[in-house]
Protein chains: 2
Amino acid sequence: MKLAEAKAQFIQTWGSLGAQWGINRTMAQIHALLMIMPDPLSADEIMAELNISRGNTNMNVRELINWGLVDRVLVPGERKEYFTAEKDIYKVAREITRERKRRELDPILKSLEQLQELEGDPKDKHVKAFKESITGINRFAHQVDGALNTFVKADENWFTSTLLKLFK
Amino acid sequence: MKLAEAKAQFIQTWGSLGAQWGINRTMAQIHALLMIMPDPLSADEIMAELNISRGNTNMNVRELINWGLVDRVLVPGERKEYFTAEKDIYKVAREITRERKRRELDPILKSLEQLQELEGDPKDKHVKAFKESITGINRFAHQVDGALNTFVKADENWFTSTLLKLFK
DNA sequence: ACCATTTTTCACAAACTTTTGAAAGTTCAA
DNA sequence: TTGAACTTTCAAAAGTTTGTGAAAAATGGT
């Protein structure tokens, strides 16, 4: 397989992955492109590589910067802005986890806490079933929250140190 | 908070959660409804509770059955079909994980294996950067695959006892 | 201050997804 | 075999998301 072909396949695979995860396809493709490029790219270069419009490029690059996945790079003596992506996939995974947790899990935890305050006859089987569901989901959500917090805070050696603990 | 209100809030929260995760909103709402109801519901009852059409109900209930999240229940002496959802959230999480892994992670692993076979001058920095990216992502993807497999196969107490200890 | 270059915005168009409801299909008891 | 009860299908409508490109705004060198 040639580089150009492999690049195209990777960009397209990462793109559909993003789409399945509720992330805009173009955003994921720009991210893929920047991850495999050794040097930063300008907006025009991204437009040319992916065949997308200026507006689209601008919007999605900005969103990637919001997520903390892409950085602006200023090349001395150049007016243009360049963009680059974190290449360590573990760091990328942690950034994405942190951001999704904040946007998705945190609001759910809040809603679940509220729902615990349900008043009603505990002998009513509808009330009972509801309370049991919410309690179970809440407990699970807190466990996930704890695990994700640990992952987000973990440093590079987390996996290694975890393995060590396992074998003790 | 009254039961009806709490129910509505839960259904709507679970629904947006689903939407963010690339699952159809109605499908997630039907799932939420069935999780909190003590007894199975018929298609007509689902239609009435959620204010949706017959076709929509049918389509999404079938999809939930495909995912293994909802079961058909036949009530003796009744012609109608009833539907019920698994109420143990850990089982639900495992079903969803198994299904999403199959649909999403497995194809990515395949694509990554292919991309490892890239030929090209190892001194070319583009080739070098690409290979390094793919190798890192591939290693990470395999770790995730392993972790998810363990989770999917786990029994009810695995999450609490093992994972929690690991992360502490 | 001016102008050339670059970035951002935004109204609209295109593509895609979801929902509806009526019609067709199936099932089963009599 | 019939018809009432129920389920499934499907084409069209509604809704949502994404992408475009031209215009406006910002920037920085002279």
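Taken together, the values in this text are just the output of simple stated rules run on the coordinates, not laboratory data. Keep in mind that what you see is a predicted model, and the values were worked out from it rather than measured. Every residue, glycine as well, gets a Cβ built from its backbone with ideal geometry; the counts of neighbours run over all protein chains shown.
To one decimal place, what orientation-averaged projected area in nm² is obtained for the convex hull of the Cα set of the protein assembly as shown?
So the mean shadow area of the Cα hull is 21.9 nm².
Averaged over peptide B:98-105, how many Cβ atoms belonging to another chain are found within 10 Å of each residue's Cβ?
Mean partner-chain Cβ count within 10 Å for B:98-105: 1.
Could you run the Karplus curve 6.51 cos²θ - 1.76 cosθ + 1.60 with θ = phi - 60° over the stretch A:132-147 and give me ³J(HN,Hα) per residue in whole Hz, x for Gly and Pro?
Once θ is set to phi - 60°, the couplings for the stretch A:132-147 become 4, 4, 4, 4, x, 5, 4, 4, 4, 4, 5, 5, 4, 4, x, 4 Hz.
Consider all pairwise Cα distances in the stretch B:43-132 and report the whole-number % of them above 21 Å. Show your work: numbers first, answer last.
Numbers: 2289 of 4005 pairs.
In whole percent, the long-distance tail amounts to 57.
Quick one: Karplus J couplings for the stretch B:78-86, per residue in order, coefficients 6.51, -1.76, 1.60, θ = phi - 60°, nearest Hz, x for Gly and Pro?
Once rounded to whole Hz, the list reads 10, 7, 4, 8, 10, 10, 9, 10, 4.
Please list, ordered by chain and number, the residues whose modelled amide H lies under 5 Å from the amide H of residue B:70; skip anything fewer than 5 residues away on the same chain.
Residues meeting the criterion, in which the H sits 1.01 Å from N, are B:65.
Taking a label point 7 Å from Cα toward Cβ, how far is residue A:48 from its twins in the other copies, in nm, shortest first?
With the label placed 7 Å along Cα→Cβ, residue A:48 yields 6.5 nm.
From the helices alone, meaning DSSP H stretches of at least four residues, give me the mean residue ellipticity at 222 nm for chain A, per-run term -39500 (n - 2.57), in deg cm²/dmol to the nearest 500.
Working: 8 runs with 113 residues, N = 168.
My calculation for chain A gives -21500 deg cm²/dmol from helical runs alone.
When the Debye formula is applied to the Cα atoms of chain B, each taken as the same point scatterer, what base-10 log of I(q)/I(0) results at q = 0.14, 0.18, 0.19 Å⁻¹?
Here the Debye-derived log intensity ratios amount to -0.87, -1.14, -1.20.
What is the distance in Å between the Cα centres of the stretch A:136-150 and the stretch B:59-104?
That distance is 23 Å.
Over the stretch B:1-66, with a single point scatterer placed on each C-alpha, what log10 of the ratio I(q)/I(0) does the Debye formula yield at q = 0.19, 0.22, 0.28 1/Å?
Here log10 of I(q) over I(0) equals -0.69, -0.92, -1.37.
Please report, in debye to the nearest 20, how large the charge dipole of the protein assembly as shown is about its Cα centre when each Lys and Arg carries +1 at its beta carbon and each Asp and Glu carries -1 there.
Charge dipole of the protein assembly as shown: 400 debye, to the nearest 20.
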